[in-house]
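To keep things clear, I will list the structure first and then write my remarks on it.
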Amino acid sequence: MKQARDGLATTYPSTDACGGAHTPSADTLTRAIHRQEVRADVPFEVARELGQAMLWHRFLVTGDPITDELIEHIVDDILIPYTRAHVGTSTDSGSGQ
């Protein structure tokens with residue numbers, strides 16, 4: 001296992017295997033924060049990696065298919081609720097979402 005990690009470190013010396021801080025998902029998340037579609041205090045790294053981790057796990061570990069329905073589920077039922085304002089907080093927009 002150490003040899004595999006060392007090989008990845010050589011291949012990806014300045015970034016992690018899922019992408020660094022300047023990935024398309026990080027850029028999308030940053031723009032959404034600026035548009036106030038995502039709360040400003042969201043744990044950025046967790047939000048950025050949450051969907052990616054689920055897809056990488058499925059791709060590399062379980063081998064289960066990555067379907068459009070799965071991606072919709074991850075976005076609609078996991079990522080969006082995670083990044084929205086918590087109900088009852090001062091950042092809640094009152095929109096009911």
Requested in this report: Determine the dipole magnitude for the range 22-83: charges of +1 sit on the beta-carbon of Lys and Arg, -1 on that of Asp and Glu, nothing else is charged, the reference point is the Cα centre, and the result goes in debye to the nearest 20.
Outcome: 260 debye
Report task. Compute the relative contact order of the range 22-83 as a whole-number percentage, counting only Cα pairs closer than 8 Å that sit 6 or more residues apart in sequence. Result -> 33 percent
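Each reported figure results from applying straightforward, stated rules to the coordinates on display, with no laboratory input. Every value quoted in this text rests on a predicted model; they were computed, and no experiment measured them. Every residue, glycine as well, gets a Cβ built from its backbone with ideal geometry; the counts of neighbours run over all protein chains shown.
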